[in-house]
Amino acid sequence: MAKIIGITGGIASGKSTVTEFLRQNGFEVVDADAVVHQLQKPGGRLYQIIVEHFGDKVLLESGELNRPLLASLIFSNPKEQEWSERTQGEIIREELAALRNQLDQTEALFFMDIPLLFEQNYASWFNETWLVYVNRDVQLDRLMKRDQISKEAAESRLNSQWPLERKMVLAGHSLDNNGNQKQLITQVVHLLEEMRL
Ligand code: ADP
């Protein structure tokens, strides 16, 4: 049985920065967001149920989902968010379980980056959970810059998520990303070293 580590955080808290480093160092990392994007492509398992629920207005002319529109429909309305988490959540869980079982056969240690790890009760899958956290003002700033969105839009995305303090009490290890990226990676290296002991 492989050792499996779950990585989580909030939007723009620095999860991808950590997982990019892990991949560069040869580790397998399952990216739950990438799995979701794949499932939401035309023909994917999530695509059909989203179009049935929201109607054609969420489609671009190309037939792909209009992702920014979809995100705003879901994150601006708690009922839609609840629907999305429940309905899509079940399918996503099945797909992630299949990937986990596959890697369990070949790897001694691997990672899964799951933004909703605690919200969707994935914690029991993991030997360890790592939370990448930042203060809210830093998170807001990085989100606005990365996604080129207004302060209002960034605040509304943050308000739709659990505050990171709520996740901090649940996580096995917390990585502080208020400093620079080098400081974040140093913490990752320490945790990897601890595991080799
Ligand atoms: P997540 O994957 O959690 O959404 P990212 O890793 O994409 O977050 O980080 C969000 C944004 O902040 C990205 O543009 C990233 O380059 C930047 N970023 C991440 N960590 C730092 C840091 N320590 N200092 C400055 N910018 C950072």
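The values are calculated or read from the model by the stated rules, or taken from the named source; none is laboratory data. Just so we're clear, the structure is a prediction, and the values are computed from it rather than from any experiment. In this analysis, Cβ positions are derived from the backbone assuming ideal geometry, glycine residues included, and neighbour counts consider all displayed protein chains.
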- Within segment 56-68, is there a residue that is in contact (Cβ under 8 Å) with a residue 12 or more places away in the chain and within 24 Å of N101 (Cβ to Cβ)? no
- Check whether at least one residue in segment 165-179 is within 15 Å of the ligand (Cβ to nearest atom), under 20 Å from I5 (Cα atoms) and part of a loop (DSSP other than H, G, I, E, B), and report yes or no. yes
- Reported set for segment 155-175 where residues are surrounded by 15 or more Cβ atoms within 10 Å (Cβ to Cβ) and of a type in the set (K, R) is R157, K167
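So which of I4, I11 ends up being surrounded by 13 or more Cβ atoms within 10 Å (Cβ to Cβ), more than 28 Å from K145 (Cβ to Cβ), in contact (Cβ under 8 Å) with a residue 40 or more places away in the chain and among the β-branched types (V, I, T)?
On the way: I11 fails: more than 28 Å from K145 (Cβ to Cβ).
Exactly one of I4, I11 is surrounded by 13 or more Cβ atoms within 10 Å (Cβ to Cβ), more than 28 Å from K145 (Cβ to Cβ), in contact (Cβ under 8 Å) with a residue 40 or more places away in the chain and among the β-branched types (V, I, T), namely I4.
So which of N121, N77 ends up being on the phi > 0 side of the Ramachandran plot, without any contact (Cβ under 8 Å) to a residue 12 or more places away in the chain and away from the ligand (no atom under 16 Å from the Cβ)? Working first, answer last.
Values: N77 fails: on the phi > 0 side of the Ramachandran plot.
Going through N121, N77 in turn, just one is on the phi > 0 side of the Ramachandran plot, without any contact (Cβ under 8 Å) to a residue 12 or more places away in the chain and away from the ligand (no atom under 16 Å from the Cβ): N121.
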- Query: Restricting segment 62-80 to residues that are at pLDDT below 95 and surrounded by fewer than 12 Cβ atoms within 10 Å (Cβ to Cβ), which is nearest to D33 (Cα to Cα)?
  - Reply: P68
- Query: From the set of residues in segment 118-158 that are under 14 Å from the mean Cα position of the chain (by Cα) and among the polar types (S, T, N, Q), which is nearest to I74 (Cα to Cα)?
  - Reply: Q120
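Name every residue in segment 43-90 that is farther than 21 Å from L158 by Cβ and touching a Leu at 6+ places or on another chain (Cβ under 6 Å), in order of residue number.
First, the residues of segment 43-90 that are farther than 21 Å from L158 by Cβ: 43-66, 86-87, 90.
Result: R45, L46, V58, N66.
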- Residue by residue through segment 159-171, note down the ones that are modelled with pLDDT of 95 or more, farther than 13 Å from P115 by Cα, within 17 Å of the chain's Cα centre (by Cα) and not basic (K, R). E165, M168, L170
